[in-house]
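Peer 1: Mind having a look at this structure? Questions to follow.
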Amino acid sequence: MEDRKILIIEDEKPIADILKYSFEKEGFQVQCAHTGSEGFSAACSDPPDLILLDWMLPDISGVDVCRMLTERYRIPIIMLTARGNVEDKLYGLESGADDYITKPFDLREVVARVRTILRRFDKSQGTDTGDRLSCGGLTISEREHCVYRDGVLLSLTPKEYELLVCFLKHPRQVFTRTALLDQIWGYDFAGDTRTVDIHVQRIRKKTGLEDSLVTVFGVGYKYVPA
Ligand code: CA
């Protein structure tokens, strides 16, 4: 884990400082930014391995920064927020965040969550076979972690990508929302099963698989090749 670089985008300096201190103590390299635009340019000029991103920033909202980043990079993002509202959580996750931590937080928990996400991210990168999987008019490049439709790169968030690949690799298998949450988001994930619904809706729209990603009423979802 050493030499991993974390970018903290947080306008409340005492919080940024204590996070920086905790992660440096754990052997991480840490950079802090105190506004959304400062954070965004820091991430662009020197992409970190993970970003801790505050929801309420003085200039651009954390959710918008998250969206701007996930459109360009595949960097895991954990949102920090004082809000506990479920709708806000879903909104944050919809913008591409990988996880969510509510303030006030336990520093050990933040470090543990960061390690979990980095591990999961490494694993998904590491299943690299160089192979391309084609189905439903889509081409998935696991090496690039990308999906193409008719040669055009689809803009998927990391979670949308993982969920889509999970469906495509298991045609006709019915997945419950809970199973998908456990598999894609992990057991310690703070959101609820509606997160899955939102992601499936977005994948349907983005991929054109409206008819193939089937809702199994009262159970979950399955992928049925056309
Ligand atoms: Ca703030």
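The values are calculated or read from the model by the stated rules, or taken from the named source; none is laboratory data. None of these values were measured; they are calculated from a predicted model. Ideal geometry is used to build each Cβ from the backbone, glycine not excepted, and the neighbour counts take in all protein chains shown. Heavy atoms of the whole protein, side chains included, go into the accessibility calculation; ligands, DNA and RNA do not. Shrake-Rupley method; radii C 1.70, N 1.55, O 1.52, S 1.80 Å.
Peer 1: Considering only residues of region 33-52 that are within 16 Å of the ligand (Cβ to nearest atom) and buried (at least 19 other Cβ atoms within 10 Å of the Cβ), which is nearest to residue 80 (Cα to Cα)?
Peer 2: 52
Peer 1: Taking interchain pairs and intrachain pairs at least six residues apart, which have beta carbon atoms under 9 angstrom, with the first residue in region 49-70 and within 16 Å of residue 121 (Cβ to Cβ) and of a type in the set (S, T, N, Q) and the second assigned to a helix (DSSP H, G or I) and more than 10 Å from the ligand (Cβ to nearest atom)?
Peer 2: 70/158
Peer 1: In addition: Take residue 3 and decide whether it is under 22 Å from residue 102 (Cβ atoms) and among the charged types (D, E, K, R).
Peer 2: Judged against the criteria, residue 3 is not a match.
Peer 1: Give the residue, chosen from 11, 3, that is at positive phi and either within 15 Å of the ligand (Cβ to nearest atom) or in a loop (DSSP other than H, G, I, E, B) (or both).
Peer 2: On inspection, the qualifying residue turns out to be 3.
Peer 1: Right, something else. Looking at residue 35 and the list (1) at pLDDT 90 or above; (2) at positive phi, which single condition is not satisfied?
Peer 2: That leaves (2) as the condition not met.
Peer 1: Restricting the search to region 88-131, which residues are at pLDDT 70 or above, touching a helix residue (DSSP H, G or I) at 6+ places or on another chain (Cβ under 8 Å) and polar (S, T, N, Q)?
Peer 2: Across region 88-131, the qualifying residue is only 95.
Peer 1: So, in region 152-183, exactly how many residues are touching a helix residue (DSSP H, G or I) at 6+ places or on another chain (Cβ under 8 Å) and free of Cβ contacts under 8 Å to residues at least 24 places away in the same chain?
Peer 2: Residues meeting the conditions: 3.
Peer 1: Only one residue in 117, 77 is in contact (Cβ under 8 Å) with a residue 40 or more places away in the chain, under 22 Å from residue 199 (Cα atoms) and more than 13 Å from the ligand (Cβ to nearest atom). Which one?
Peer 2: 117
Peer 1: For region 132-176, give me each residue that is at pLDDT below 85 and among the acidic types (Asp, Glu).
Peer 2: Within region 132-176, 142, 144, 150 meet the criteria.
Peer 1: Using the structure shown, decide if residue 207 is open to solvent by 10 Å² or more (accessible area, probe 1.4 Å), touching a Lys or Arg at 6+ places or on another chain (Cβ under 7 Å) and among the hydroxyl-bearing types (Ser, Thr, Tyr).
Peer 2: no
Peer 1: Scan region 168-199 for residues that are in contact with a Lys or Arg (Cβ under 9 Å, 6 or more places away or on another chain) and in a helix (DSSP H, G or I) and report the count.
Peer 2: Here the count works out to 8.
Peer 1: Next question, about the same structure. How about region 14-32: which of its residues are part of a strand (DSSP E or B) and within 16 Å of the ligand (Cβ to nearest atom)?
Peer 2: Correct list: 32 only.
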